[in-house]
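Data first, discussion second: the structure below is written as structure tokens.
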Amino acid sequence: MSDTVLEVQALTKRFGGLVAVDGVSLEVRKGQIVGLIGINGAGKTTLMNCVNGIYRSDDGQVRLNNADITRKTPHEIALAGVGRTFQVPRTFRRMDLIDNLMVPLLHTDASDADLTARAEDGLRQVGLYELRHNHGEELSGGQQKLLELARVIMLDPELILLDEPFAGVNPSLCRIMLQQIEKLRDASKSFLLVSHDLTSIYRLSDHLYVLNQGEIIAEGLVEDVQNDPVVIEAYLGN
Amino acid sequence: MNEVLLLQGLVGGIVFGAIYALIGASLNVMVGVLRVINFAHGEFILAGSFFAYAMLMGLGLNPLYAVAPVAVLFFLAGYGAYFVLIPRLQRSDEPETSSFLLMFGVSLMMIAVLTWIFEADIRPVNFSFDPINVTLLVVEDAYGPGRDGRVIVPTARIVALAVNALMIIALTWFLYRTLTGKAMRAAIMNRDAVQIVGIDVHHLSATAFGLATAIAGVTGVLLAMVVPSVDPNGGPPLALVGFVVIVLGGLGHPVGALLAGVLFGVVEQVATVMLPQAAAQMLGFVILIAVIFFRPSGILGLAVSR
């Protein structure tokens, strides 16, 4: 049996005449952290939006555990096992942190006390338990990113899409984020990780894809990609 | 200043304010969750009033008996109407503008239907409780030695206020204590984020539309008890009150709307008994303009959100 969790095949997304994602194929295996790097406008976030159903792709296919999810809605994809965070955190700003984590549990058949305990446990994991009665809008940007990660964990997804999890996050919160990602990977969760923070992405990634102008221009182990002249040219120019 | 008159205005303000609170809260749920500027909200309320009127005229039943069937039927109608009216709008670049135009059309259509069925006249809703009135307070020597003043309220208004208060408590409980209510509030704050945590935003929106329609319908029943008359052309002023209350309470704060509704009702009714009528009608809107200038997020929005 294949251990491929996510398989993207020849995915294309156009906005009018602009081809933002151009025939991209990639895969993420169980327990693997796959990094996706590229300069601004390379199509990284668009690709993520196609994977989790926010955008409808124009061509190609997205498969989760070998099931076609290409035309599914974001909530169906979330329930199928794909969690997602955003570059700019989308927390529920005027809700306390416990309620922020309880919203994903809408379809969970459990008592209020159990749901609250689960939410509190989620907050403990990302070091936000002490702030549990604060509202989302009272957190710093970095804390909101941790809250988003905790919210993702609530649904116990198999695959987690992280969009720039380290951008604008201070070093101590970055450390918590890194620890959580590694802990989840150890629990066999898979990741597709987009980041400009090359240090973190090189440290975490088991496999790396490089996207440039909507196309994959390189892939492989971190060491191979780091030294690939095509990648160096794409990042630094001639 | 006449103490009795002031107290009478205050009591009337609380009765009408509670109704405005429900109008504002239901409209706030609709605008917040669905981004729909429901200009037909007044007609949704009127439909509830006419339902109660029809039950009274057809079956001889006190309007109070219309509360439960209106709540159920209007919820189902609202839930179904969502799928007919709204999803197409949300594919538009400017769903708010499109929804305003669409719901304005729905408003005109509903006025036409109500006028067609019930004709254009204002109809009295003739019913009563026993006793007809309740004396809330006796102010001794209010009008001179030996001439007491009485603060009198029709029993129907007290009953309507009690039902109204129960609905406000139930709505607040629903929004803050149930997972569906929390999901609705979350959708008001960030609709995209709700989808990516596994919530079917169409089902949630349809539920919100049904809930808001049901509350509007019941509000109409209570209004028919309080006024007591029904007028097919009375919808737009009610929708206007709803939008004023939303601005006062803060968009996206259903509980802020509840409090703002009561405040608006009290100011309006007290002003009605204390000031010339034109000035009284203006006062509420003066407050509205002041709030827009000085607290654009709503007079109670921030306090309630925390």
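In chain A, taking the dipole from charged Cβ atoms about the Cα centre, the farthest positive-side position among A:VAL225, A:GLY141, A:PRO165 is held by A:GLY141. Under 14 Å from a point placed 7 Å out from the Cα of A:ASN65 along the Cα-to-Cβ direction: which residues of region A:1-40 have their backbone N that close? Answer for this model: A:2-7, A:30-31. Under 17 Å of direct C-alpha separation, and excluding same-chain neighbours fewer than eight residues apart, A:LYS183 reaches these lysines: A:LYS30, A:LYS145.
Which shape class applies to region B:11-85: rounded if a/c is under 1.5, otherwise prolate when a/b exceeds b/c and oblate if not, where a ≥ b ≥ c are the square roots of the Cα gyration tensor eigenvalues?
oblate
Could you tell me which of rounded, prolate or oblate describes region B:143-257, using a ≥ b ≥ c as the square roots of the eigenvalues of the alpha-carbon gyration tensor, with rounded for a/c under 1.5 and, failing that, prolate when a/b is larger than b/c and oblate otherwise? Prolate shape, in that a/c is at least 1.5 and a/b is the bigger ratio.
Using only Cα atoms and rounding to the nearest 10 degrees, what angle (0 to 90) does helix A:171-186 make with the longest principal axis of chain A? Tilt of helix A:171-186: around 80 degrees.
Using a simple charge model, +1 on the beta-carbon of Lys and Arg, -1 on the beta-carbon of Asp and Glu, nothing else, what dipole does chain A show about its Cα centre, in debye to the nearest 20?
Values: 23 positive and 33 negative charges, 75 e Å.
Result for chain A is approximately 360 debye, rounded to the nearest 20.
For chain A, find the longest principal axis of its Cα atoms and tell me its angle to the long axis of helix A:112-125, 0 to 90°, nearest 10. Between helix and principal axis, roughly 50 degrees. GNM remark for chain B: springs join alpha carbons under 10 Å apart, and the peak mean-square fluctuation among B:ARG177, B:ARG295, B:ARG191 falls on B:ARG177. Here the Gaussian network model covers chain B, with springs between Cα atoms less than 10 Å apart; of B:PHE50, B:PHE243, B:PHE100, B:PHE100 fluctuates the most. With contributions of -39500 (n - 2.57) from each DSSP H run of at least four residues, the per-residue ellipticity at 222 nm computed over chain B stands at -25000 deg cm²/dmol. In this structure, the amide hydrogen of A:GLU215, modeled 1.01 Å from its nitrogen in the peptide plane, lies closer than 5 angstrom to those of A:ASP22, counting only residues at least 5 positions away or on a different chain.
Peptide A:71-84 has a mean of 4 when you count, residue by residue, the C-beta atoms of other protein chains within 10 Å of its C-beta.
What the Cβ-Cβ distance of A:HIS107 and B:THR172 gives, at R0 = 25 Å and to the nearest 0.05, is a FRET efficiency of 0.60. Only one residue of B:PRO145, B:GLY32, B:SER229 has its Cα farthest out toward the positive end of the dipole of region B:3-305, where Lys and Arg carry +1 and Asp and Glu -1 on Cβ, and that residue is B:GLY32. Is the C-alpha gyration tensor of region A:79-172 telling us rounded, prolate or oblate? Criteria: a/c under 1.5 is rounded; beyond that, a/b larger than b/c is prolate, otherwise oblate. Oblate, because a/c is 1.5 or more while a/b does not exceed b/c. Once every DSSP H run of n ≥ 4 in chain A is given -39500 (n - 2.57) and the sum is divided by its residues, what mean residue ellipticity at 222 nm do you get, rounded to the nearest 500 deg cm²/dmol? So the helix-based figure for chain A works out to -10500 deg cm²/dmol.
Here's the picture: a label point sits 7 Å out from the Cα of B:VAL286 along the beta-carbon direction, and within region B:1-29 the residues with their amide nitrogen under 19 Å of it are B:1-2, B:6, B:9-10, B:13. The angle between the Cα long axis of helix B:41-59 and the longest principal axis of the Cα atoms of chain B comes to about 60 degrees, rounded to the nearest 10. Amide hydrogen proximity for A:VAL5: with H placed 1.01 Å from N in the peptide plane, the residues at 5 or more positions away or on another chain lying under 5 Å are A:VAL28, A:ARG29, A:LYS30.
Once C-alpha pairs closer than 8 Å and six or more residues apart are averaged by separation and normalised to the residue number of chain A, the relative contact order reads 28 percent. Residue by residue along B:147-153, Cβ atoms of other protein chains within 10 Å of the local Cβ number 0 on average.
Of the residues B:PRO154, B:GLY284, B:GLY198, the one whose Cα sits farthest toward the positive end of the charge dipole of region B:3-305, with +1 on the Cβ of Lys and Arg and -1 on the Cβ of Asp and Glu, is B:GLY198. Computed about its Cα centre, the charge dipole of region A:170-229 is approximately 420 debye, with only Lys, Arg, Asp and Glu carrying charge at their Cβ. Compared with the alpha-carbon gap, the fully stretched path from B:VAL134 to B:PHE293 is longer by 53.1 nm at 0.36 nm per residue. Peptide packing for B:121-134, B:52-65 was compared via the average number of neighbouring C-beta atoms within 10 Å per residue; ordered from the highest value, the list is B:52-65, B:121-134.
Using the Cβ-Cβ distance between A:THR12 and B:GLN90 with R0 set to 30 Å, the FRET efficiency works out to roughly 0.75.
Using Cβ point charges alone (K and R +1, D and E -1), the dipole size of the protein assembly as shown about the Cα centre works out to roughly 660 debye.
Take every pair of alpha-carbon atoms less than 8 Å apart whose residues are at least six positions apart; their mean separation over the length of chain B yields a relative contact order of 39 percent.
We did not get these values from a lab; they are worked out from the coordinates using the rules stated. The shown structure was predicted, so the numbers you read here are calculated from the model rather than taken from an experiment. Neighbour counts run over all protein chains shown; Cβ positions are idealised from the backbone, glycine included.
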